[in-house]
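J.: Sending over a structure as structure tokens; questions will come in a sec.
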There are 2 protein chains.
Amino acid sequence: MDSTAFQAIEGRRRVAIENVQPAVDCGLFAIKRTVGETVTVTADVFADGHDVVTAVLLHRPQGTDGWQEVPMTPLGNDRWRGEFQVDQIGRHEYTVGAWVDAFESWHRDLKKRIDVGQDVAIDLRIGAALVEGAAPSASGNDARLLRDWQQRLEGPQGLVAYQAGVAKLDQLMRRYPDRRFATECDPPYVVVVDREKARFSTWYELFPRSCAGDATRHGTFRDCIEWLPRLADMGFDVLYLPPIHPIGNTFRKGKNNNVECMPDDVGSPWAIGAKEGGHKAIHPRLGTLDDLHALVAAARERGIDVALDIGFQCSPDHPYVNEHPEWFRKRPDGTIQYAENPPKKYQDIYPFDFETSDWKALWRELTDIFLHWAAQGIRIFRVDNPHTKAFGFWEYCIGEVKARYPDTIFLSEAFTRPKVMYRLAKLGFTQSYTYFTWRDTKAELTEYFTELTQTGVREFFRPNLWPNTPDILPEHLQVGGRGAFVSRLVLAATLSSNYGIYGPPFETLENLPREAGNEEYLNSEKYQLRAWDFGRGDNLGTLIATVNRARRENPALQSNASLRFHRTDNERIICYSKRSDDDGNLIVVVVSLNYHHMEQGFIELPLGEWGIATGQPYQVTDLLGGQTFTWQGAHNFVELDPRKLPAHIFRVTQA
Amino acid sequence: MDSTAFQAIEGRRRVAIENVQPAVDCGLFAIKRTVGETVTVTADVFADGHDVVTAVLLHRPQGTDGWQEVPMTPLGNDRWRGEFQVDQIGRHEYTVGAWVDAFESWHRDLKKRIDVGQDVAIDLRIGAALVEGAAPSASGNDARLLRDWQQRLEGPQGLVAYQAGVAKLDQLMRRYPDRRFATECDPPYVVVVDREKARFSTWYELFPRSCAGDATRHGTFRDCIEWLPRLADMGFDVLYLPPIHPIGNTFRKGKNNNVECMPDDVGSPWAIGAKEGGHKAIHPRLGTLDDLHALVAAARERGIDVALDIGFQCSPDHPYVNEHPEWFRKRPDGTIQYAENPPKKYQDIYPFDFETSDWKALWRELTDIFLHWAAQGIRIFRVDNPHTKAFGFWEYCIGEVKARYPDTIFLSEAFTRPKVMYRLAKLGFTQSYTYFTWRDTKAELTEYFTELTQTGVREFFRPNLWPNTPDILPEHLQVGGRGAFVSRLVLAATLSSNYGIYGPPFETLENLPREAGNEEYLNSEKYQLRAWDFGRGDNLGTLIATVNRARRENPALQSNASLRFHRTDNERIICYSKRSDDDGNLIVVVVSLNYHHMEQGFIELPLGEWGIATGQPYQVTDLLGGQTFTWQGAHNFVELDPRKLPAHIFRVTQA
């Protein structure tokens, strides 16, 4: 700092503010909350010397002037804490301000002087000067009171007056602190506030073309409307549809991903674009835009959002290929570079070239696809493979869309390396797919969900758990029978407040892979129409409805911050709890990870943390099975049978 | 980011760089190193998709153009690592750059295609185009080689040519990567590089006025020169003098801090300033500027730096009081506000008012005091109570001084709250006083030194340990006898590569406090002249020389990063080691914390980490006692007697 730097600084700012939390990557990215949630901010705040410091938490909707202010309180060791509630969707800012408080310092020291009987005549005059300094900031009655106090402290009875009115004087002066030399963290930190469904949502994925109830007839949006009552009854509030656009013909894949395609094969919805249109068009056999509007409206009546799948890739027949050849990479033979995972080739798919010199136009057009559907009333997007598109694009795109439609939710379908998945969440994705689908053991689940919910990751990454997807029929569902389906359902629905199922095959316990050692479904809906029979006796519909009711009725299951794992003496039994601070709602979940045989064991609950005294009985009601037990003490016996019910969702209440 | 923001970004930069370490407060403050040390940098580096990424570590002296470049290597999980050596005093910058490497990606994929026997004719032409793209960056032979390669890859024997010369082609192309869309962390991080004494220094504090060997005669710098051979023999390389300025008369304190002052009382050197001058003047009875120059020169000949104490406070007689009354706070009665710790008053001391509207002039003048003494050849300053001066001032002041005298060392004498002490180190102090003086137990010492040496603190905070100071005769030295002095000396000298003693009373085992329960020395040199007798039989001089020789001869003891504590089965015995990577020098220290009685116990050494096989004998040589033992196995018996030698400094060598 050379002498000219003096121009830029105010040397009398004496307070240092460090380590403001929460913050993602030093404030480079926003933290996330939903409407009604609290942001608890801590920071190190201190000044040189021994003067009294005052700190405040400042917050405001981004783009507005002036700050709302909350006092912070010291926690010891120069750490301070304050909190505010976010009650409006959009981007909010927060920061910390602090200053050396001359009046409070004077006040503290005067007390010590009086206590030892020192002559404080001059000190009272110092106080009078501080009061005088505050007066110009006040008006009305306060201004009059301050002038009175100044005279009283200066007068011959200053000490008597001070001692008689110290509390009132202090209260008065706290309203007019001298903040000329306050320090303020700049730039402020950002919190993106989403609607509640960003935090608590229950997804059902289906292929609308299989909604006709007849595998020989292409289903439509209108058919899909017929499904809504059942989905609502089961407690789902997001209906997620794979891409609804026209499907390419060139290199179209046949049933079971066959490179030979029959004339009546419907193709993969992810081979996007044909002569009928691209990412802004609707597959003619699904219906019209009016039909989509009808589906969206009917769903909304039942509290269900329709979520669209946006996959940024093109079939060779996509209009972009002719209209914007510069958005694709060209091979030396003049053809367009198809997708590859060498040596595998996916000739039915053209990826966009994010290194095109025309990247600005590409970014605008891709963003415009979201804006197009948002204008049709869609507010949830599941984004296919975002990790194969440029990071910078997502920050731009999500920012643009949320600037216009702040209630939009983006789900990142990135099954890739952890830091890439986290980066996408930092850049703006509202929710994210996870490794849950492949996390099988107690140790794996404990470690992974501790990282997601108990570290800084929880400030920006909202997990959305899927026991299955159209791409993934995990091995445990192939071989684990109904027990596996139930355990995985309960885990997904209780470990995370956001979860979903690829519904029809999950409900009906479909477990056949295309081939052994493969996670693809046999006769996958990705490549053919299916008809589903929900009439089987062991259908999971009733259980799913019960699980989702437990989620809806228990605030503890509607967020993840309180998740804690508890000791069990059996490695095949996992036990954890969630608790809601506001209302004391407390849920204990016990799940068997043995899908074939009965498991027994003791779980150990942290009763002390929950305010349950040793020896005091408490009640646990199984929201799945319906029974209520009276327990006493931390250690309790459980028995879980995959042939009956391999999981408990206990609500704990004091007897 | 709205559309206009497109102007500011390059959307084709696809690599993300996160979590660059080391960094202090997200790069807000510099890390510290000394000349010849290594900076090992790690970072998360990754791109979207599956392309190959290349990362480099960039570094340069601050203010120079262009970067020196070091390749980084992947550690797994997208973490990368690189390192560089700092070989020049001053401020250096470092950052991380990375890019998607199209050629390396092509190279990797081509191998997979060839492995399965795919037709790669077009792929070879893609490679040829990449080689063609690199050619304009090359010149001479490389340019010719690149043109040759382009033709070969395009030609009919492209695959044969590729397979025959792949290693050479790769080597060639690595010299010309396409970095148009490279990402670079900006702003860069800063490392302050100090001279070696910043890391490894051995301080001796004395009052030059007590150097006459006669308590009735005021000592001088010339007397002080006579002490140098003894100090050099004992192995000290910093001679630290309390303030050398004229001492105030008004409210001067008498012997033992008596408010009554006798006519011949010399006063406290920290009551700075009299009619003879202030912070830039020398106390006339100590000598002249020439005498100081003579002392500095004589010390330098023996490798000793003279360190001055700079205390920013004034006696009422300081010339500043009349010349710059605006730099002090005025009381309502027109007098100047003296120092206070209510209800205590220190009327002999006027603090500066860092909230003065004239703060710019004050900052300049105080900085000029350091510049004044630096111009006299002083390069080490021990700063008195820096925590009672504005933080911003220190950042400015140290920056200005080091810009002109980059080899300057500032020691922060801040005994205050931890975050304040750390802040001062972040702002630029080279070394810092610590809580060592009061850390007594094994648990306390282990916890504290683990924090100082094994966390992020070590990047900016260099501890300097003092068993005693003129202000602190800790209780254990009052009551612990010689054993306490030896144990505390060995702890200070081996836990930290920087340490010091307030020499004369420490050497002579002075242990009488002014009064019980007080840490002040009886007949403290702060208020009176003393004469010291180093002829006593139990004088610590020889032991101190032995300890300092061990430090000088063992690189392991010259830094702190390798400090590790080891298990002992006796809470009164502490054991730790330091190891020097470069030469394998390995030191194990064992110290008794029982100053009165013998202690025995087993220590447990991590032989595996040191590459000593189980069952292999190794030698330990006690650098204090002189004996050599042959040990075998991790557990070894020690016996420490405070009446003989309550500590070992073992050098470990493989037998």
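The values are calculated or read from the model by the stated rules, or taken from the named source; none is laboratory data. What you are looking at is a predicted structure, and each value in this text was computed from that prediction instead of being measured. Methodologically, a virtual Cβ is constructed for each residue, glycine included, from the backbone with ideal geometry; neighbour enumeration extends over all protein chains shown. When the accessible area is computed, the model is the full protein with side chains, heavy atoms only, and any ligands, DNA or RNA have been set aside. Shrake-Rupley method; radii C 1.70, N 1.55, O 1.52, S 1.80 Å.
J.: Being within 13 Å of chain B (Cβ to nearest Cβ), open to solvent by 30 Å² or more (accessible area, probe 1.4 Å) and either within 11 Å of A:Met173 (Cα to Cα) or of a type outside the set (Gly, Ala, Ser) (or both) is the filter here, so list the residues in the range A:120-138 that pass it. Give the steps one after another, and end with the answer.
T.: Restricting attention to the range A:120-138, the residues satisfying the condition of being within 13 Å of chain B (Cβ to nearest Cβ) are A:120-133.
If we keep only those that are open to solvent by 30 Å² or more (accessible area, probe 1.4 Å) too, we end up with A:121-122, A:125-126, A:129-130, A:132-133.
Hits for the range A:120-138 are A:Ile122, A:Arg125, A:Ile126, A:Leu130, A:Glu132, A:Gly133.
J.: Of everything in the range B:192-210, what is within 27 Å of B:Tyr405 (Cβ to Cβ) and either open to solvent by less than 10 Å² (accessible area, probe 1.4 Å) or touching a His at 6+ places or on another chain (Cβ under 9 Å) (or both)? Give them in sequence order.
T.: Scanning the range B:192-210 gives B:Val192, B:Val193, B:Asp194, B:Ala198, B:Ser201, B:Thr202, B:Trp203, B:Tyr204, B:Glu205, B:Leu206, B:Phe207, B:Pro208.
J.: Also, quick follow-up: Could you name every one of the helices (runs of 4 or more DSSP H) located completely within the range A:470-525 that has at least 1 residues being crowded, with 20+ Cβ neighbours inside 10 Å and among the hydroxyl-bearing types (Ser, Thr, Tyr)?
T.: Filter on the range A:470-525 gives A:481-495.
J.: Given the conditions (1) on the phi > 0 side of the Ramachandran plot; (2) open to solvent by 80 Å² or more (accessible area, probe 1.4 Å), which single one is not true for B:Asp582?
T.: (1)
J.: Using the structure shown, decide if A:Val296 is among the hydrophobic types (A, V, I, L, M, F, W, C) and free of Cβ contacts under 8 Å to residues at least 40 places away in the same chain.
T.: no
J.: Additional query: Being over 17 Å from B:Thr367 (Cβ atoms), part of a helix (DSSP H, G or I) and in contact (Cβ under 8 Å) with a residue 24 or more places away in the chain: is that true of B:Lys402 here?
T.: Here the answer is no, as B:Lys402 does not meet what is asked.
J.: Right, here's the next one. Taking strands (runs of 3 or more DSSP E) that do not extend beyond the range B:612-655, which have at least 3 residues that are under 15 Å from B:Val590 (Cα atoms) and open to solvent by 40 Å² or more (accessible area, probe 1.4 Å)?
T.: It comes to B:635-640.
J.: Quick check, is B:Gly456 within 14 Å of another protein chain (Cβ to nearest Cβ), touching a helix residue (DSSP H, G or I) at 6+ places or on another chain (Cβ under 6 Å), in contact (Cβ under 8 Å) with a residue 12 or more places away in the chain and open to solvent by 10 Å² or more (accessible area, probe 1.4 Å)?
T.: Here the answer is no, as B:Gly456 does not meet what is asked.
J.: In the range A:173-210, what residues are assigned to a loop (DSSP other than H, G, I, E, B) and within 30 Å of A:Ser524 (Cα to Cα)?
T.: Selection gives A:Phe200, A:Leu206, A:Phe207.
J.: Then there's this: Considering each residue of the range B:65-100, count those that are under 20 Å from B:Asp44 (Cα atoms), open to solvent by less than 20 Å² (accessible area, probe 1.4 Å) and either more than 26 Å from the chain's Cα centre (by Cα) or in contact (Cβ under 8 Å) with a residue 60 or more places away in the chain (or both), and give that number.
T.: 7
J.: Then there is this: Filter the helices (runs of 4 or more DSSP H) completely within the range B:277-389 down to those with at least 2 residues that are away from chain A (no Cβ under 14 Å) and over 18 Å from B:Phe251 (Cα atoms).
T.: B:289-301, B:359-375
J.: Looking at A:Asn141 and the list (1) open to solvent by 60 Å² or more (accessible area, probe 1.4 Å); (2) within 11 Å of another protein chain (Cβ to nearest Cβ); (3) of a type outside the set (Asp, Glu); (4) part of a helix (DSSP H, G or I), which single condition is not satisfied?
T.: So A:Asn141 meets the others, but not (2).
J.: Are any residues in the range A:396-408 facing another protein chain (nearest Cβ under 7 Å) and open to solvent by 20 Å² or more (accessible area, probe 1.4 Å), and if so, which ones?
T.: Hit for the range A:396-408 is A:Gly399, nothing else.
J.: Sticking with this one: Using the structure shown, decide if B:Phe29 is surrounded by 19 or more Cβ atoms within 10 Å (Cβ to Cβ), within 11 Å of chain A (Cβ to nearest Cβ), more than 22 Å from A:Val420 (Cα to Cα) and in contact with a helix residue (DSSP H, G or I) (Cβ under 7 Å, 6 or more places away or on another chain). Break it down stepwise before answering.
T.: Working: surrounded by 19 or more Cβ atoms within 10 Å (Cβ to Cβ): yes; within 11 Å of chain A (Cβ to nearest Cβ): yes; more than 22 Å from A:Val420 (Cα to Cα): yes; in contact with a helix residue (DSSP H, G or I) (Cβ under 7 Å, 6 or more places away or on another chain): yes.
Yes, satisfied.
J.: Can you tell which of B:Ala545, B:Ala556 is more than 23 Å from B:Trp438 (Cα to Cα), in contact (Cβ under 8 Å) with a residue 12 or more places away in the chain, in contact with a helix residue (DSSP H, G or I) (Cβ under 8 Å, 6 or more places away or on another chain) and in a helix (DSSP H, G or I)? Show your work before the answer.
T.: Details: B:Ala556 fails: in contact with a helix residue (DSSP H, G or I) (Cβ under 8 Å, 6 or more places away or on another chain).
The match here is B:Ala545.
J.: Might you let me know whether the range A:555-563 holds any residue that is of a type in the set (Gly, Ala, Ser) and farther than 23 Å from A:Gln431 by Cβ? Steps first, answer last, please.
T.: First pass over the range A:555-563, keeping only residues of a type in the set (Gly, Ala, Ser): A:556, A:559, A:561-562.
Next, only the ones that are farther than 23 Å from A:Gln431 by Cβ stay: none.
Within the range A:555-563, not a single residue is of a type in the set (Gly, Ala, Ser) and farther than 23 Å from A:Gln431 by Cβ.
J.: Moving to a separate point now. Quick check: is even one residue across the range A:322-341 under 30 Å from A:Lys197 (Cβ atoms) and either at pLDDT 95 or above or among the aromatic types (Phe, Trp, Tyr) (or both)?
T.: No, the range A:322-341 has no match at all.
J.: Just checking, which of B:Gly11, B:Gly36, B:Gly66 is within 13 Å of another protein chain (Cβ to nearest Cβ) and part of a loop (DSSP other than H, G, I, E, B)? Don't jump to the end; show me each part of the working.
T.: On the way: B:Gly36 fails: within 13 Å of another protein chain (Cβ to nearest Cβ); B:Gly66 fails: within 13 Å of another protein chain (Cβ to nearest Cβ).
Among B:Gly11, B:Gly36, B:Gly66, only B:Gly11 is within 13 Å of another protein chain (Cβ to nearest Cβ) and part of a loop (DSSP other than H, G, I, E, B).
J.: Mind checking which residues of the range B:632-655 are charged (D, E, K, R) and free of Cβ contacts under 8 Å to residues at least 24 places away in the same chain?
T.: Passing the criteria: only B:Lys644.
J.: Can you say whether B:Ser105 is over 30 Å from B:Asp44 (Cβ atoms) and among the hydroxyl-bearing types (Ser, Thr, Tyr), as far as the supplied structure shows?
T.: Spelling it out, it is not the case that B:Ser105 is over 30 Å from B:Asp44 (Cβ atoms) and among the hydroxyl-bearing types (Ser, Thr, Tyr).
J.: Within the range B:410-432, can one find any residue that is away from chain A (no Cβ under 14 Å) and open to solvent by 50 Å² or more (accessible area, probe 1.4 Å)?
T.: Checked the range B:410-432: no residue is away from chain A (no Cβ under 14 Å) and open to solvent by 50 Å² or more (accessible area, probe 1.4 Å).
J.: Return the only residue of A:Thr446, A:Thr434 being under 26 Å from A:Ala198 (Cβ atoms), outside any helix (DSSP H, G or I) and of a type in the set (S, T, N, Q).
T.: A:Thr434
J.: What are the pairs, 6+ residues apart or on separate chains, where a residue within the range B:106-119 that is within 7 Å of another protein chain (Cβ to nearest Cβ) has its Cβ under 8 Å from a residue that is part of a loop (DSSP other than H, G, I, E, B)?
T.: What qualifies is B:Asp109/A:Pro342; B:Lys112/A:Pro342; B:Lys112/A:Pro343; B:Arg113/A:Pro342; B:Arg113/A:Pro343; B:Arg113/B:Val120; B:Val116/A:Pro343; B:Gln118/A:Pro343.
J.: Also, I was wondering about something else. Among the listed residues B:Tyr346, B:Tyr350, identify the single one that is of a type in the set (Ser, Thr, Tyr) and surrounded by 22 or more Cβ atoms within 10 Å (Cβ to Cβ).
T.: Details: B:Tyr346 fails: surrounded by 22 or more Cβ atoms within 10 Å (Cβ to Cβ).
Unique residue meeting the criteria: B:Tyr350.
J.: Kindly indicate the residue of the range B:314-325 that is open to solvent by 20 Å² or more (accessible area, probe 1.4 Å) and in contact with an Asp or Glu (Cβ under 8 Å, 6 or more places away or on another chain) and also nearest to B:Asp348 (Cα to Cα) among those meeting that condition.
T.: B:Pro316
J.: In the list B:Asp348, B:Asp333, B:Asp353, which residue meets the criterion of being farther than 23 Å from A:Gly117 by Cα and of a type in the set (D, E, K, R)?
T.: Exactly one of B:Asp348, B:Asp333, B:Asp353 is farther than 23 Å from A:Gly117 by Cα and of a type in the set (D, E, K, R), namely B:Asp353.
J.: Does the range B:440-451 include one or more residues that are away from chain A (no Cβ under 13 Å), in contact with a Ser or Thr (Cβ under 6 Å, 6 or more places away or on another chain) and within 24 Å of B:Phe565 (Cβ to Cβ)?
T.: No, the range B:440-451 has no match at all.
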